[in-house]
Structure formats: C-alpha cells, structure tokens
C-alpha cells in the first residue's frame with residue numbers, strides 16, 4: 001500500500017516568505033494511484049495513499065514554522081478529501097515532537113478504507129501540546145463512507161508505541177457511513193469521537209451485513225458516553241445480516 005506510485009497528479013508546493021510557513025496543496029483526478037508525504041521537520045508527518053479505477057480528491061498541509069512559546073515544536077495541519085471507485089484510501093498523521101511537560105510525543109491518527117466506492121474527509125492538527133482531529137467546519141459529518149464489499153479501519157492512539165487509544169473496524173457488504181467529528185490527545189488521556197470544544201458527533205450507520213468492532217485501550221479507565229466504565233480494555237462487537245446502527249460511540253481513556 002505504501003509503495004504506490006502517483007500518476008495523474010497536479011501538485012503545487014508553496015513556501016511563504018513573509019510568514020515562513022511551508023505548505024503543500026495537491027489535487028488528483030483520474031485512474032491509477034496517488035500518494036503524498038508531508039514531513040514537517042521533526043515535528044510531524046502526514047501521509048496519504050489511494051488507488052482505484054477512479055480516484056479524485058485534494059490534500060493540503062502546512063508547517064507553520066512558528067515555534068510558539070519557544071518550545072521548539074511547530075504547529076502542523078493536514079487536510080484531505082478523497083473518493084475512490086473500486087479501490088482504497090489510506091491516511092496517517094504522526095505527531096513526532098512535543099514539549100514534554102505536556103506529555104511525550106507518539107500520537108497517531110490512521111484510517112484505511114477499501115470498497116466498491118469509498119470517501120474520506122479528515123483534518124489533523126498538532127503542536128507542542130497535542131494531536132487533534134477537529135473536523136467541525138471541514139467535514140462535520142460522514143468522514144468515512146463506503147459501499148459494496150468493504151473493509152474500514154480507523155484508529156486514534158495517544159501512545160502508538162504502548163497501544164493506548166481506540167479503533168473501529170468493519171468488514172462486510174453494505175452501505176456504510178461513519179461520523180467521527182473529533183478526537184484529542186492529552187498528557188496521559190485521550191478522547192475518541194468527541195472533544196475539540198465541539199458537540200459530540202460519533203455515529204455508525206450500516207445497511208447490509210458484516211462484523212463491527214470498537215476497541216479501546218488505556219492504563220487506568222475507559223468511559224463511554226453510553227455509560228460503560230472499564231479498566232484496561234474495551235471491546236464492543238456486533239455481527240449482523242441486515243444492518244447496524246451505533247448512535248454514539250464516543251469515549252475517553254486515561
């Protein structure tokens with residue numbers, strides 16, 4: 001997947017002299033494969049891949065080169081909107097540096113979608129304190145969709161090296177819409193499906209058959225918005241033949 005070769009691609013790299021920001025703005029439309037990799041020094045990295053019979057979309061990323069408060073970590077943002085026919089979409093954002101009084105680096109957002117058709121809209125931001133996925137105003141609903149035979153995986157890890165975070169997985173044949181508007185990391189805590197100072201908007205709607213799982217991992221406790229509290233590990237599993245609806249999968253862990 002990570003070895004695809006980009007074709008049918010229009011790319012524009014911009015360096016702003018006055019603001020000292022570094023940015024990329026790229027679009028694609030056609031058939032084949034496309035990948036792009038935005039490396040913001042040692043602060044963060046955003047990677048995107050897609051291939052299929054028809055692919056289209058846009059990817060923008062900015063390294064603000066701003067070093068707020070002199071902490072040695074720049075603010076970084078990546079935004080993507082993508083669709084595919086008979087293919088896949090994958091996206092990964094890693095926060096690689098931090099002001100350690102706010103917690104160590106090592107946060108990651110990752111999404112992979114395979115389907116007869118699929119779409120993805122996402123925004124990630126990182127700075128000295130955290131990694132956040134604040135999609136309100138960019139793609140507030142239906143960040144992940146797929147039709148037909150499909151596999152969907154999305155995860156947000158507060159400590160990717162120690163497996164602390166949450167993930168959702170679906171395999172089946174269906175029409176699927178997943179809304180996951182917000183996710184945030186903290187020093188030793190995280191939110192999944194909520195946060196960013198926004199109302200909670202975390203919903204799964206599947207018409208068809210398949211298997212769905214929500215997993216969460218934490219050192220101390222996991223608390224769901226629907227009233228489940230547990231320590232260490234949470235698994236919500238469903239197998240169905242005609243449909244599945246999960247009104248609010250939001251949770252927090254620490």
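The values are calculated or read from the model by the stated rules, or taken from the named source; none is laboratory data. Keep in mind that what you see is a predicted model, and the values were worked out from it rather than measured. As a convention, Cβ positions derive from the backbone with ideal geometry for all residues, glycine included, and neighbour counts pool all protein chains shown.
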Of everything in the range 198-225 that's touching a residue at least 24 places away in the same chain (Cβ under 8 Å) and assigned to a loop (DSSP other than H, G, I, E, B), which residue is nearest to residue 152 (Cα to Cα)? 201
Looking at the structure I just gave you, is residue 141 assigned to a loop (DSSP other than H, G, I, E, B), modelled with pLDDT of 95 or more and either touching a strand residue (DSSP E or B) at 6+ places or on another chain (Cβ under 8 Å) or more than 15 Å from residue 107 (Cα to Cα) (or both)? yes
Could you tell me whether any residue of the range 21-37 is modelled with pLDDT under 95, more than 22 Å from residue 136 (Cα to Cα) and in a loop (DSSP other than H, G, I, E, B)? yes
Quick one: which of 112, 104 is within 17 Å of residue 160 (Cβ to Cβ), out of contact with any strand residue (DSSP E or B) (no Cβ under 6 Å at 6 or more places or on another chain) and at pLDDT 95 or above? 104
Of the candidates 221, 188, 119, the one satisfying the condition of being at negative phi, in contact with a strand residue (DSSP E or B) (Cβ under 8 Å, 6 or more places away or on another chain) and at pLDDT below 95 is 188
Which residues, taken from the range 44-86, are surrounded by fewer than 17 Cβ atoms within 10 Å (Cβ to Cβ), more than 17 Å from residue 34 (Cβ to Cβ) and without any contact (Cβ under 8 Å) to a residue 60 or more places away in the chain? 66, 67, 69, 70, 71, 72
Residues that are modelled with pLDDT of 95 or more, buried (at least 19 other Cβ atoms within 10 Å of the Cβ), farther than 18 Å from residue 89 by Cα and touching a strand residue (DSSP E or B) at 6+ places or on another chain (Cβ under 9 Å): does the range 171-178 have at least one? no
Does residue 168 count as buried (at least 20 other Cβ atoms within 10 Å of the Cβ), at pLDDT 95 or above and over 16 Å from residue 80 (Cα atoms)? yes
